[in-house]
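Taking it in order: structure first as structure tokens, then the write-up.
The values are calculated or read from the model by the stated rules, or taken from the named source; none is laboratory data. The model shown is predicted, which means the values in this text are computed figures rather than measured ones. Heads up, the Cβs are rebuilt from the backbone with ideal geometry, glycines too, and the neighbour counts pull from every protein chain shown.
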Amino acid sequence: MSRTAVYQALVLRNRASGESNSEITMLTSEEGIIRATVFGGAKSKLRAHSAPYNSGQVWIYRDPAKDYAKISDFDVQSWRPGLRELYERSMTAGAVAETILSSHGGGGEWAQAQKLALETLDTLESANEELCQKLLIHFLWRWSGFLGIQPRLENCAACDRDASAEPLWFSVREGAAFCGDCAHEQQGLLRLDSGCRRWLALSGQLEPSALHRYSMDNKSFAEAKSLVTSVVTGALGKRLAVWDW
């Protein structure tokens, strides 16, 4: 049996390992999260190829006797240098990567998880500061749908009343939204006005590349960010500091 396997991979993290090596963490469409070592110093071609957010075909050699995996080749198909040219792009890309890692790659539908990440990173590469923040909210909202934890925002979760024209109140504990009459029984509530909910409903149907066409006021933005980070926090069991740059 061959010890080398080929994957379609997105690099999520690159960390120093020892004096001259790097440990690479990738999301692959075939096996989810994979970690492998790149051997060699700063001048190594593979070290440059395995920079965070690069994607393409990677060859990984495994030695079961020594219990290690190493990258033997990497055909980079997208380098995304623009992610390193603006602070907001870099921070948003890091938030996307850490969300995926904390979710263990999404739990099985790895090709779809990778598609969601690549679409966001490709749009992010030329995004301005305002769009970067919207892209993070958009990714977290789509990611919550991918994980199966996205709450319904059209009706009250308790009485099923249509609340399209009135505020809903999201319960962090229950992971659901309630109308004003039912919300008094809940604790830890986030107010969600119709503007925030309309933007989330619309953006959830859009590719990231179309997001720049739709504006969102500051109040709706704050509500949307509070909601999506709370929803994903509930799934992960912790809040990621990288969401709050």
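Does Arg161 satisfy being within 26 Å of Ser103 (Cα to Cα), in the same structural domain as Ala117 (by TED's automatic domain parsing) and surrounded by fewer than 21 Cβ atoms within 10 Å (Cβ to Cβ)? Let's see the steps before the verdict.
Working: within 26 Å of Ser103 (Cα to Cα): no; in the same structural domain as Ala117 (by TED's automatic domain parsing): yes; surrounded by fewer than 21 Cβ atoms within 10 Å (Cβ to Cβ): yes.
So Arg161 fails the test.
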Which listed residue, of Arg35, Arg15, Arg3, Arg47, is of a type in the set (D, E, K, R) and crowded, with 19+ Cβ neighbours inside 10 Å | Arg47
Per-region count, the range 1-23, residues assigned to a strand (DSSP E or B), touching a residue at least 60 places away in the same chain (Cβ under 8 Å) and closer than 13 Å to Tyr68 by Cα = 1
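Can you give me the number of residues within the range 61-81 that are farther than 21 Å from Lys115 by Cα and assigned to a strand (DSSP E or B)? Break it down into steps so the answer makes sense when it comes.
Going through the range 61-81, the residues farther than 21 Å from Lys115 by Cα turn out to be 61-73.
Checking which are assigned to a strand (DSSP E or B) leaves us with 61-63, 68-73.
Within the range 61-81, residues that are farther than 21 Å from Lys115 by Cα and assigned to a strand (DSSP E or B) number 9.
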Across the range 195-245, the tally of residues that are under 20 Å from Glu119 (Cβ atoms) and part of a loop (DSSP other than H, G, I, E, B) stands at 6
Might you check whether a residue that is surrounded by fewer than 18 Cβ atoms within 10 Å (Cβ to Cβ) and at pLDDT below 95 occurs anywhere in the range 96-108?
-> yes
Those helices (runs of 4 or more DSSP H) completely within the range 82-177 that have 2 or more residues that are under 26 Å from Glu30 (Cβ atoms) and over 12 Å from the mean Cα position of the chain (by Cα) are 110-124
